[in-house]
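The values are calculated or read from the model by the stated rules, or taken from the named source; none is laboratory data. Since we're looking at a predicted model, the values are computed, not measured. As a convention, Cβ positions derive from the backbone with ideal geometry for all residues, glycine included, and neighbour counts pool all protein chains shown.
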Amino acid sequence: MALHKILNKISINLSIKFFGARLPLSYVFFNTIFKRFIINKSVESEFIKKYYDDGYVKLDLNLADELDHIKDKMLPEGNNEKKQILKLDDVTQNDLKKILIKKFDKTFKDLEKYFNSNIIIANANLFRNHHVTDIVEGKSEQVYSNYYHNDGYVLTYFKIFINLMDVSDKDGPLHIISKKKTKAFFNEAKYKDRYDYIPIENEKLIYKNTGKYGDCFLFSTPECIHKAGIPDNYRDMLQLTLIASPDKNINNEDLDVFKENSDIIFTTKPYTVIKVFNLLLKHFDFRKKSLIS
């Protein structure tokens, strides 16, 4: 194992033990400073308050009527028996992009105030998770992020999930642990890493993202331990990867949100301590300029 991977594993293990976060220590530092000096907790929005407290919130927003116009145009790609991408033609992608920008306009404006940053849709991804068998949680190979984990990014990386169908407990909903309950979860599950913990079904600790077709769910994937549930049949979902960016020059209208846009996404995954500090400085600069204007 390369030295940087060993050091990263040690760093994550220390974070789990002392800070209740499955993230490198440098990311814990970034998140702590960002929440202390950059995040605006005074935004008058109920969903922002819950998002800050728990790291997730179901939005008071449903896109069922808008999605009806594109639902029949989603085509599963390939014959993957575990997870399939749902493809759209270029015209339908453009229509969906306009819907997303319009419907989330108010939400994004509140998030811009909260993060003191520019909110970017870095990627829009439609997918279908299929039922799989012979999965022993923590003991066998995961098939689609179905073991408890954090996404390895700083907190300016987050997501919105939009149900493309009614999702019940039988449809493999997302399982999430509130930020406030992470340490309790780690203790009960004796959590060491995504492949080393005791599976638990404690309803007091685990929130399941069930809901109606078109429901929208915002959550911080770096801050909240989570996993994909395994459906009895399948689960269709639209996932938006969002970035709170210190770059005012990036515009959702001009961006091809159906591409990976890894150059934008990986700004929230700084690989060295220097890059962590530089990203913080950029956000401080953005906040300073916003206050002046």
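Scanning the range 213-227 for residues that are in contact with a strand residue (DSSP E or B) (Cβ under 8 Å, 6 or more places away or on another chain), part of a loop (DSSP other than H, G, I, E, B) and within 14 Å of Lys159 (Cα to Cα) yields Ser220, Thr221, Pro222, Cys224, Ile225.
Determine whether the range 246-255 contains at least one residue that is in contact with a Ser or Thr (Cβ under 7 Å, 6 or more places away or on another chain), assigned to a loop (DSSP other than H, G, I, E, B) and at pLDDT 95 or above. Yes, that holds for at least one residue. Quick one: in the range 107-160, which of the residues that are assigned to a strand (DSSP E or B) and under 22 Å from Leu23 (Cα atoms) is modelled with the lowest pLDDT? Looking at the filtered set, the residue picked out is His149. Need pairs with beta-carbon distance below 7 Å; first residue of a type in the set (Val, Ile, Thr) and within the range 276-292, second part of a helix (DSSP H, G or I) and surrounded by 19 or more Cβ atoms within 10 Å (Cβ to Cβ); sequence gap 6+ or separate chains. Cβ pairs passing all conditions: Val276/Ser26; Val276/Phe30.
Restricting attention to the range 176-205, the residues that are touching a residue at least 24 places away in the same chain (Cβ under 8 Å), exposed (fewer than 12 other Cβ atoms within 10 Å of the Cβ) and over 24 Å from Tyr144 (Cβ atoms) total 1. For residues in the range 239-285 being closer than 20 Å to Glu223 by Cα and of a type in the set (Ser, Thr, Tyr), which is farthest from the chain's Cα centre (by Cα)? So the residue we want is Thr272. Residues considered: Ile101, Ile70. Of these, the only one that is free of Cβ contacts under 8 Å to residues at least 60 places away in the same chain and assigned to a helix (DSSP H, G or I) is Ile70.
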